[in-house]
Amino acid sequence: MSISVSGADIGRIVETAAIVGSILATLIAAFIVYLMVRPSRRPKREAEPAEADELWRIVDLMDRRLEVLERALADQLDSPRRGADREQTFAPAGQGRDSGRTK
């Protein structure tokens with residue numbers, strides 16, 4: 001008993017393998033994308049009342065700090081700098097007080 005395979009048969013086998021391989025690759029890629037975007041199955045934890053109060057306290061504190069920062073910035077923009085300060089600001093790096101050099 002002998003099996004003979006022609007070139008056309010090999011071509012059909014390769015073509016079928018390519019089609020099946022591309023379908024499998026597409027399904028695997030779709031499954032990976034599904035795993036990445038699906039919603040979490042874990043139940044969401046509700047914030048405890050004490051925790052929520054602490055978060056609101058922090059929000060209020062940051063609000064007050066932002067108001068102080070806005071006022072300071074507005075004061076700085078409203079009052080122009082004096083001549084000596086302005087000259088020191090535009091001084092070369094080696095001559096200014098913030099040159100970063102150590103003596």
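Taken together, the values in this text are just the output of simple stated rules run on the coordinates, not laboratory data. This is a predicted model, so every value here is computed, not measured. FYI the Cβ positions are ideal-geometry reconstructions off the backbone, even for glycines, and counts take in every protein chain you see.
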| request: Find, among the GluC sites (Glu not before Pro) in region 42-76, those assigned to loop by DSSP (not H, G, I, E, B) with at most 11 other beta-carbon atoms within 10 angstrom. | output: E46
| field | Computed label-point distance, nm, for sites L66 and M36 using a 7 Å Cα→Cβ extension | value | 3.4
| query | Residue separation times 0.36 nm, minus the C-alpha to C-alpha distance between L24 and L55: what's the value? | reply | 6.3 nm
